[in-house]
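In what follows, a structure is listed as C-alpha cells, so that the remarks can point back to it.
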Amino acid sequence: MKIIDYELFQVPPRWLFLKITTDEGLIGWGEPVIEGKASTVGAAVDEFMQQLIGKNPLNIEDHWNMMYRSSFYRGGPILMSAISGIDQALWDIKGKYYNAPVHELLGGACRDSMKVYSWIGGDRPQDTSNAAKKALENGFEAIKMNATEELQYVDSYGKIDLVIERVAGIREAVGNQLGIGIDFHGRVHRPMAKVLAKELEQFKPMFIEEPVLSENIEAVREISQTTTIPIALGERLFSRWDFKPILESGYVDIIQPDLSHAGGITECKKIISMAEAHDVGAAPHCPLGPIALASCLQVDATCHNAFIQEQSLGIHYNKDSDILDYVKNKEIFEFQDGYVNIPKKPGLGVEIDEDHVREMAKVSHDWHNPVWRHKDGSIAEW
C-alpha cells in the first residue's frame, strides 16, 4: 500500500483538516492546526507530505521519526502540529486497514468511556453561574472556565475579587457537585498568580491551568509550594522533550498535551506514559474539531492516568460551525452523565462528512486570536 495523494481543507470556525489517500482506496483524516496559524501549518504539511507520497502509510513510527529527526530544526508549534495531523491520518488508515479502532492497535482499552468537561463563560468570563447550572442539568460532572481577563504583572485586587465572586457564585449555584477547572490561560504573571491561587483554594477547584506560562517553571515551583490545588499545564508544550523537565521538576500534577499540537497519537501516547511514571494525571487539551477529539479518545482509552478529556462542543469559539456539523456518525460524541464512550469503529472511529467539509472549505476562515492591550497600551497576554 502506498500514499498517493492528500488534500487540506481550511474550515470554520478555525480548523484545518487533512485527507490522505492510498492506492488501495483507504483514506485517513487528520487535524493539523495551531489556532490562529492554520495556513502556516498547512504550508508545513505540504512540505512533509512531499516526502511521504509513495510511501507505505503503515510505517508510522518511521514516518514520524523522518519528519521529526530529518529536520535539522525541529519542534515548536508549527512543525509539531503539522506532524500531529499527518500522524492522526496515518493511524486512521492503519486502523481501517486492520479493521480495528486505533486503541486496539495501541494495546487495547483500559476503560469503556471517558469523562469529559464542558466549557463555560467565554474569553472574558461572564454569566458563569447560570452556565454551570445548565452544565449540571445536562449531566456534566465538571466544567472549565477562564479565570480572568488580562492582568498586569501587579494589578488591582479588584480584578482578583471579580474572579472570586464568579467562582463563589458557581459554588452557590451548584454546590460541590461540579469539578471546576480554572484556566489562568498564561494571562497571569507570578506576583498575581500566587495571590489568585491562594484566594481560590477555598472553593476546592479540580485544577488551575497554566497559572503562569509553562516556560516559567521556577514560578510554577513557587506557586506549587503555596497551594494544594492541582496544577495543570502542557497545551503549549510540543514533544516528550518539552515535557521531560516539567515532569522531572515534580511541580505539575496534570499534563495537557494537545494531540493536534504535540506530535499526534504516536507522541502523545508516549508523553502520557511518561507522566504515569511520575504519578501525574493527564487531561488532554482539545478545544478543536472532531478529528482531534476522536484522536484524543483513542489515546485516552489506553492510558491509565488519563482522567478527563476537554471537548469543544458549544465552546465560545464555535459560533457558526461546531463539531457535529462535520460528522456523519454523530452518536460518537453523545455525552451521557458527563462521559463519552470510546469509539469502536475502525481507525479513529469518526466518519467525516466529506461533502460538508468541501462546502465549508469554500467558506474557509481567517481566524486569529484577539490582540489584547493593557490600559497603558502595552501588549497583554491573551
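The values are calculated or read from the model by the stated rules, or taken from the named source; none is laboratory data. Bear in mind that the values here come from a model prediction, so they are computed numbers and not experimental data. All Cβ positions, even for glycine, are placed from backbone atoms using ideal geometry, and neighbour counts span all protein chains on display. When the accessible area is computed, the model is the full protein with side chains, heavy atoms only, and any ligands, DNA or RNA have been set aside. Shrake-Rupley method; radii C 1.70, N 1.55, O 1.52, S 1.80 Å.
Our estimate of slack between Gln177 and Asp366, defined as 0.36 nm per intervening residue step minus the Cα-Cα distance, is 64.1 nm. Share of pairwise Cα-Cα distances greater than 20 Å in segment 107-166 is 43 percent (whole percent). Calculated on the alpha-carbon coordinates, the convex hull of segment 253-313 measures out at 67 cubic angstrom per residue. Which angle from 0 to 90°, rounded to the nearest 10, does the C-alpha axis of helix 157-174 make with the longest principal axis of the chain? The angle comes out near 70 degrees.
Estimate the FRET efficiency between Lys2 and Lys319 by the formula 1/(1 + (r/R0)^6), using the beta-carbon distance for r and 35 Å for R0, to the nearest 0.05. Provide the component values of the computation, followed by the final result.
On the way: r = 40 Å, r/R0 = 1.15.
For R0 = 35 Å, the calculated efficiency reads 0.30.
I want the local charge near Ala380. Using Cβ-Cβ distances under 11 Å, sum +1 for each Lys or Arg and -1 for each Asp or Glu among the other residues.
Here the charged neighbours net out to -2.
Of the listed residues Leu90, Leu162, the order by accessible area with a 1.4 Å probe, largest first, is Leu162, Leu90.
For segment 17-162, what ratio Rg/Rh do Cα atoms give with a Kirkwood hydrodynamic radius? Before the final figure, lay out the partial values.
Numbers: Rg = 20.9 Å, Rh = 18.8 Å.
Answer for segment 17-162: 1.11.
Using alpha carbons only, how many degrees (0 to 90, rounded to 10) separate the axis of helix 38-50 from the longest principal axis of the chain? For 38-50 against the chain, the angle is about 30 degrees.
Taking the DSSP bridge list for the chain and keeping only pairs wholly inside it, about 45 percent are antiparallel. Summarising the amide proton neighbourhood of Gly347: residues at separation of 5 or more, or on other chains, whose placed amide H is nearer than 5 Å comprise Gly95, Lys96, Ala100, Val102. Partner lysines whose Cα lies under 24 Å from the Cα of Lys198, excluding those fewer than 8 positions away in the same chain, are identified as Lys144, Lys159.
When the helices in the chain are scored as -39500 (n - 2.57) per DSSP H run of 4 or longer and the sum is shared across all residues, what 222 nm value do you end up with, to the nearest 500 deg cm²/dmol? Numbers along the way, then the final one.
Values: 12 runs with 140 residues, N = 382.
Helix-only estimate at 222 nm: -11500 deg cm²/dmol.
Placing one equal scatterer on every Cα of segment 1-96 and applying the Debye formula, the log10 ratio I(q)/I(0) at q = 0.16, 0.17, 0.18 Å⁻¹ is -0.58, -0.65, -0.73.
When the Gaussian network model of the chain links Cα atoms closer than 10 Å, the mean-square fluctuations of Pro284, Pro205, Pro370 top out at Pro370. Of the solvent-accessible surface of the chain, computed with a 1.4 Å probe and all protein chains present, 47% belongs to carbon and sulfur.
With every protein chain left in place, what is the accessible area per residue of segment 116-228 in square angstrom, probe 1.4 Å? Don't skip to the answer; put the middle values down first.
Values: 4760 Å² over 113 residues.
Per residue, segment 116-228 has 42 Å² of solvent-accessible surface.
Within straight-line reach of Lys94, meaning a Cα separation under 20 Å, sit the following lysines at least 8 residues removed in sequence or on another chain: Lys2, Lys19, Lys55, Lys269, Lys270, Lys344, Lys345. Using the Stokes-Einstein relation with a Kirkwood hydrodynamic radius computed over Cα pairs, the translational diffusion coefficient of segment 156-298 at 10 °C and a viscosity of 1.306 mPa s comes to 101 µm²/s. Label zone of Ala43 (point 7 Å out along Cα→Cβ, amide N under 14 Å): in segment 330-369 this covers no residue at all. Shape summary: segment 183-225 maps onto an equivalent ellipsoid whose semi-axes, from the alpha-carbon gyration tensor, are 16, 11, 9 Å in decreasing order.
For a paramagnetic label modelled at 7 Å from the Cα of Asn138 toward its Cβ, which residues of segment 150-173 fall within the zone defined by backbone nitrogen distances under 19 Å? 170-171, 173, by backbone N distance to the label point. Overall size of the chain from C-alpha positions, given as principal axis extents largest first: 62, 46, 42 Å.
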